[in-house]
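S.K.: I am attaching a structure below and will ask some questions about it afterwards.
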Amino acid sequence: MFPRTNYGQSMKPTIAIIGASADRTKYSNKSLLAHQRAGYEIYPINPKEEVIDGLKCYPSILDVPVALNRISLYVPSAIGVKLLADIAKKGCQELWVNPGAESPELMAQASQLGLNVIFACSYLDAATKN
């Protein structure tokens with residue numbers, strides 16, 4: 001599965017979901033729940049929320065207290081582009097750019113920053129592992 005790079009915190013793979021929502025109709029929430037069922041330790045990122053589905057929500061990717069295996073973008077590309085420097089600073093094994101979050105600028109900048117970009121739906125990926 002994933003190497004355990006969480007500094008001894010947890011043996012589960014980790015994911016930060018940027019743009020996480022408490023709204024059950026949003027794909028970011030569906031992804032959160034699918035990743036939970038797949039055994040991930042979840043770190044929702046949304047500066048406007050404190051708790052989502054019982055999980056502490058973080059205002060920024062830089063506030064997450066563990067190393068991350070996966071980061072998944074569920075924000076418009078104009079916002080995602082502004083977050084790429086922080087994502088690169090935090091680091092991750094995989095940056096999932098979900099459909100609707102991509103743009104040529106975002107993909108080019110993520111590549112320039114050396115991020116391992118996967119352009120696919122992280123919700124569907126996690127759901128198939130349940």
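The values are calculated or read from the model by the stated rules, or taken from the named source; none is laboratory data. Computed from a predicted structure; not experimentally measured. Reconstructed Cβ throughout: ideal geometry from the backbone, glycine too, with neighbour counts over all protein chains shown.
S.K.: I'm trying to understand the selection: among the residues of the stretch 32-58, which are crowded, with 20+ Cβ neighbours inside 10 Å, without any contact (Cβ under 8 Å) to a residue 40 or more places away in the chain and over 20 Å from LEU83 (Cβ atoms)?
M.R.: Within the stretch 32-58, none qualify.
S.K.: Right, another one. Counting just the residues of the stretch 38-87 that are in contact with a strand residue (DSSP E or B) (Cβ under 9 Å, 6 or more places away or on another chain) and among the acidic types (Asp, Glu), which one comes out nearest to ASN98 (Cα to Cα)?
M.R.: GLU41
S.K.: Looking at the stretch 87-123 only, could you name the residues that are of a type in the set (Ser, Thr, Tyr), more than 24 Å from LEU33 (Cα to Cα) and surrounded by 14 or more Cβ atoms within 10 Å (Cβ to Cβ)? Lay out the reasoning, then the answer.
M.R.: If we filter the stretch 87-123 for residues that are of a type in the set (Ser, Thr, Tyr), which is where we start, we get 103, 111, 122-123.
Those left that are additionally more than 24 Å from LEU33 (Cα to Cα): 103, 111.
Residue satisfying the conditions is SER103 alone.
S.K.: Any chance the stretch 45-60 includes a residue that's under 23 Å from GLN112 (Cα atoms) and at pLDDT 95 or above? Write out each step before concluding.
M.R.: Taking the stretch 45-60 and keeping what is under 23 Å from GLN112 (Cα atoms), we get 60.
This time we only want the ones that are at pLDDT 95 or above, so: 60.
Yes; the residues of the stretch 45-60 include at least one that is under 23 Å from GLN112 (Cα atoms) and at pLDDT 95 or above.
S.K.: Kindly list the number of the only condition in (1) of a type in the set (A, V, I, L, M, F, W, C); (2) farther than 21 Å from LYS129 by Cα; (3) part of a helix (DSSP H, G or I) that fails for ALA101.
M.R.: Single failed check for ALA101: (3).
S.K.: Is it the case that TYR40 is among the aromatic types (Phe, Trp, Tyr), farther than 13 Å from ILE18 by Cα and at pLDDT 95 or above?
M.R.: On the way: among the aromatic types (Phe, Trp, Tyr): yes; farther than 13 Å from ILE18 by Cα: yes; at pLDDT 95 or above: yes.
Spelling it out, TYR40 is indeed among the aromatic types (Phe, Trp, Tyr), farther than 13 Å from ILE18 by Cα and at pLDDT 95 or above.
Yes/no per residue for (1) modelled with pLDDT of 95 or more; (2) crowded, with 16+ Cβ neighbours inside 10 Å; (3) outside any loop (DSSP other than H, G, I, E, B); (4) out of contact with any helix residue (DSSP H, G or I) (no Cβ under 7 Å at 6 or more places or on another chain):
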position	(1), (2), (3), (4)
ALA67	yes, yes, no, yes
SER72	yes, yes, yes, no
GLY80	yes, yes, yes, no
ALA85	yes, no, yes, yes
